[in-house]
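Following: one structure in structure tokens, then a few remarks.
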Amino acid sequence: MSLPAITTLLKNQSNDQIMPHTANILRIFLLQMQNIAEEISFKKDDLLNQESTIQLLLEYVDINLFETDNDIQLTIVEILEFIWTLVDNTILVPQLLNANCVSFTLKWINTSELSLVIQRATIRLLYNIARHEKGCDALNGADAIRLLKEFKQRTLDPTINDAAYEDMRLLFSMTLALLMEPKENESNAKSLRKVLDQLMQLTVNAARKKNHKYGDFYISEPLVVFTKLFVHDDIVHYCIKESQVKNMKISSKVAFFCDLMMQFRGALVNDDELDQLTLTALMNIIWSISFHHDYVDELKSNAKFLITIKSLANDDGEAWIEQYVPKHMSSVKKAAARILWNLDESSPARPVRVVEPVPTVIDQTNFSPTVVTTNKRMRIMVSYSHVDADFCHQLVDALEKENRFDIWVDFDFCHTEDLWEEIGQAIEKSDVILLLMTKDYQDSKSCRQEVMYTKDSLKKRFIPVYVKRDFVASGWLGVRIVGPQYIRFGKKSFEATVNDLMKLIFEDKSEKSSKHKDSKVSVTVPYVEIKPDENDKSNEELPRYDHENFNQSSNEIMPVLVSNPKLIEKWNSNDIANWFDANKVRCELKEMYDFQCGTELLLYGQCLRSDWQSECLDVQEQFSKRYNTVLYRNEFVRLNLLSVMTFNIRLDGVERDPNNHFTKRIYRLTETIEKWQPSILCVQEPFGGQLLHWQSHLPNYYRHIGYQPGGVDRDLKDPSSHRDFQVAILYNNQILKLIEQDYIWLSKTPRIVGSKDWNSAGERTLNIARFQLKNEKSISILVFNTHLDVKSEQARQEQAKIVRSTIKKWQKKYPTAAVLLFGDFNAAPKQAAYNILTSSDFLHDTWVVCKSQTSICISNSFSSTFHGWLGSIINTYGFQFLQTILFTFHGSGISLPHEIPKHLSSYINILKELWKFRQTLNISELNSLWSLHRFHVDWILYRNSIDGSEHLQPRFIAVVDIRSRNYSSDHFPVVALFQLKNNKEN
């Protein structure tokens, strides 16, 4: 190449007589070098100091692009084919960039009237450059995407049915896929379908060849493109389920990728860089597939595949040669370990660990919660993309200056070969996880796995941290970070933003300190929170509970079912024996369990909640061997209770205090549900979109029943159809099976959608469901959820009558079913609506029954469920007196303002309203309400089956989630626990 004659030719200085011969020599030389280049493995510095020669070749092409001389045109084609062969070795791309390869190729692609041969050579050259990150950066920096799209519009006519054009269209699409950001590729997912079909077909065709090459493509090329595209769930699902592929011997695409991976298992023991790249790409593709539950069972059922993956997870890969691997791909060993994790397979990456309980003391003096633990320093884990390592170092250094945190970050603490094991342990042990979110973070499968383990598996507290000002999370990441308040760097100074982050860390900690709970790891001993000492005086300003020191922050699984002044944790064996006797549990069981302290009882209760049916079978087997008699399930069930909740979660609207907006409250609501884990959860007020949004944060075993029959909330998914005051029923589908559902409007015409009467301020509805217990098919429950009108007393009374008559009809239809009625009734006990529903013992008030059976049922005496953003202060005597007056007026039909009036005219209107209703004002109700000291508008009423076969026995009821700040809603939820008894069996 350095011969004077060749150099003279390339500079266009050859005379006309010598030029054809020199050009012929150059073409022969280039062809020989091209053949050699296809057979050898290059190192990254092999073209060092050769950039000027390559640039000379490119300049020759550029100068003579439109020359018609045949020798020149043949030489141009040979030069381009030689250079694309060099660039086919991706490791050489950085040196090609130094020869200005990008600027020349983009100039040519933007030139009209090029021959088809040169167009194809140029687009192939661009594709090979785009296979390297540095090539991508250079191309994107030169506005390559726009130029390529213009080229497509100008040249790639989709109507032309020509093999060369089809090849160019595929090259164009692969180049664009490599250049585009994942978000852009996702938006083009539908238009990519034909390309995805081509890529799948190319992979299948190449897999059938002995050399794994089809046409000009080696099998690794479409696979590397897939690793970039498989960031998007829609693309994964299309390729696996819908893509059109011919001549694939295996019907399942998942099995195809698994078999192909096993064919390349030997890449670890040879020196073929393309085989090793292919194996790496396949492992990353299968890793992406393993995130989806639709394909997990198929992967887990492939025994040969699992053995191969486990061996790769433990392979040191010593034979790996130096090669280029795109940064969006992970190593074979790392991908193997993460696949095993996603498949929940036993591996070094997934040990069973014991999480030690951390004693917690709640200090709520002056309504300012703080936490004091055995370790006063906050434990923080930082999750980040290694592309953002510099920012991560800067942030960690800033946080460590405060000397209030124990910070775990991989560059400081990872010392073993199994990085994921250490990361998993760090997430489990941390108080809060910081997610440093960028484009690279969202594109990283490793980061995705850390977020899923944090959010989906452990339900850990996390804070989304936007590293850059212009990035917005979307897709899988966007779905998972909705709810918690985030921090964004770039709007303020770095120091000011760090201060905001620290404030948020401690605010989150104080808010959640009273709700510290089991992190849902696979553990041998669940977490149990230690309650404050009975003699601790720090709670004196909080509302006092009147029954056996019931504490709102308790995380216990079962309530105390016997009158006992001690905290459960302080029970001794005699206290436990009394508990067994009070619940009529067989003495043999008491002997078998042999609990020595209350903490053991609580721990066992926590274990029961996750899978009590399996435990029942184990206990029955042990019981039979030990006592040579049968233990019936209903006898074991006496240890188990049905948990239910009613909760007005407040509609998603504008709030005066931004902290009360639904986006801030959603994770508090979720936390409350995760703590109490009601099997039946009846909520009031959510709009359709709000409900679906919230449900995405709840455990995936919750299903909801709303407006549309059959539980399919098509209406709720339409934001324009936000019907006022929806009443939804959520239920645990692992415990309950939905048998039947109905939905009516509380009006004169219940079957007319949106109907209302009696001056009702809004549309009021009744949601109805019939459930069957999955473990006891003989037990069925009718569940009703409603929300009565807030303004019209006449409407409340008429709506209550419809509810009563509807329950009567349903129970007549199903006489063996018990009844539970939940709702926000906008009336206090003993008022008209309450009396309509409970008169003649039609329905029983769980509170009243529980208060009358204190030996077997526990309750608290908190006065109100609606607090109107005032919180626990609503329980003070002053507010109780005010509520007595307000509810008296309210029950007399007087419309009162929803906030304190600010103008004289408002007070005049109130006086007019009082005078108007002076004749109907029920003063006697004033005394009745005050003596009751219970102004609950949220009730749980129940009724046993008509035939007497099903009996609901209340064991526990309480107003829960009581807060003095950072509220979940403007209502407090009510939780009840029922013991189901089948009287016929007993």
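The values are calculated or read from the model by the stated rules, or taken from the named source; none is laboratory data. As the structure is a computational prediction, the values presented were derived from the model and not from experiment. Reconstructed Cβ throughout: ideal geometry from the backbone, glycine too, with neighbour counts over all protein chains shown. Just the protein is used for accessible areas: all its heavy atoms, side chains included, with ligands, DNA and RNA removed. Shrake-Rupley method; radii C 1.70, N 1.55, O 1.52, S 1.80 Å.
All conditions in (1) at pLDDT 75 or above; (2) surrounded by 21 or more Cβ atoms within 10 Å (Cβ to Cβ) hold for I946, with the sole exception of (2). Every test in (1) over 24 Å from N24 (Cα atoms); (2) without any contact (Cβ under 8 Å) to a residue 40 or more places away in the chain is passed by N89 save one, and that test is (2).
Looking across region 427-465 at every residue that is small (G, A, S) and either surrounded by 22 or more Cβ atoms within 10 Å (Cβ to Cβ) or not in a helix (DSSP H, G or I) (or both), the one that is modelled with the lowest pLDDT is identified as S444.
Applying a threshold of 7 Å to beta carbon distances and a minimum spacing of six or more residues, or different chains, the list of pairs starting in region 273-284 at a residue that is closer than 12 Å to T90 by Cβ and ending at one that is among the aromatic types (F, W, Y) reads L274/Y218.
Residues are listed down the side, and each one gets a yes or a no for (1) in a loop (DSSP other than H, G, I, E, B); (2) assigned by the TED database to the domain that holds Q449; (3) surrounded by fewer than 23 Cβ atoms within 10 Å (Cβ to Cβ); (4) in contact with a Gly (Cβ under 8 Å, 6 or more places away or on another chain):
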{"position": "G266", "(1), (2), (3), (4)": "no, no, yes, no"}
{"position": "L274", "(1), (2), (3), (4)": "no, no, yes, no"}
{"position": "L279", "(1), (2), (3), (4)": "no, no, no, no"}
{"position": "W287", "(1), (2), (3), (4)": "no, no, no, no"}
{"position": "F291", "(1), (2), (3), (4)": "yes, no, yes, no"}
{"position": "V296", "(1), (2), (3), (4)": "no, no, yes, no"}
{"position": "L306", "(1), (2), (3), (4)": "no, no, yes, no"}
{"position": "K310", "(1), (2), (3), (4)": "no, no, yes, no"}
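Taken over region 483-518, the criterion of being at pLDDT 70 or above, outside any helix (DSSP H, G or I) and of a type outside the set (V, I, T) is satisfied by P484, Q485, Y486, R488, F489, G490, K491, K492, S493. Given the condition touching an Asp or Glu at 6+ places or on another chain (Cβ under 6 Å), more than 20 Å from M645 (Cβ to Cβ) and outside the structural domain of S945 (by the TED database), answer yes or no: does some residue in region 794-802 qualify? Yes, region 794-802 has at least one match.
When restricted to residues that are modelled with pLDDT of 80 or more and touching a helix residue (DSSP H, G or I) at 6+ places or on another chain (Cβ under 6 Å), region 341-351 contains 1.
Taking the numbered list (1) at pLDDT 85 or above; (2) more than 26 Å from A496 (Cβ to Cβ); (3) of a type in the set (S, T, N, Q) in turn, S383 passes all entries but (2).
With respect to T816, determine if the residue is out of contact with any Lys or Arg (no Cβ under 8 Å at 6 or more places or on another chain), in a helix (DSSP H, G or I), closer than 17 Å to Y942 by Cβ and in contact (Cβ under 8 Å) with a residue 60 or more places away in the chain. Can you show your working first?
Values: out of contact with any Lys or Arg (no Cβ under 8 Å at 6 or more places or on another chain): yes; in a helix (DSSP H, G or I): no; closer than 17 Å to Y942 by Cβ: yes; in contact (Cβ under 8 Å) with a residue 60 or more places away in the chain: yes.
No: the conditions fail for T816.
Yes or no: region 705-725 includes at least one residue that is in a strand (DSSP E or B) and modelled with pLDDT of 90 or more. Within region 705-725, none of the residues are in a strand (DSSP E or B) and modelled with pLDDT of 90 or more.
Of the residues S220, S251, the single one that is hydroxyl-bearing (S, T, Y) and open to solvent by less than 10 Å² (accessible area, probe 1.4 Å) is S220. Select the helices (runs of 4 or more DSSP H) contained entirely in region 839-918, then report the ones holding at least 2 residues which are at pLDDT below 65, open to solvent by 50 Å² or more (accessible area, probe 1.4 Å) and farther than 21 Å from G823 by Cβ. Of the helices (runs of 4 or more DSSP H) lying wholly inside region 839-918, those with at least 2 residues that are at pLDDT below 65, open to solvent by 50 Å² or more (accessible area, probe 1.4 Å) and farther than 21 Å from G823 by Cβ span 904-916.
For region 66-113, a residue qualifies if it is in a loop (DSSP other than H, G, I, E, B) and surrounded by fewer than 18 Cβ atoms within 10 Å (Cβ to Cβ), and the qualifying residues are F66, E67, T68, D69, N98, N100, N110, T111, S112, E113.
Any residue in region 684-693 that is part of a loop (DSSP other than H, G, I, E, B) and modelled with pLDDT of 85 or more?
yes
The single condition among (1) under 28 Å from H132 (Cβ atoms); (2) outside any loop (DSSP other than H, G, I, E, B) that T7 does not satisfy is (1).
Among the conditions (1) open to solvent by 50 Å² or more (accessible area, probe 1.4 Å); (2) touching a residue at least 40 places away in the same chain (Cβ under 8 Å), N403 misses just one, which is (2).
Within region 198-242, being touching a Ser or Thr at 6+ places or on another chain (Cβ under 7 Å) and in a helix (DSSP H, G or I) holds for M200, S220, P222, L223, V236.
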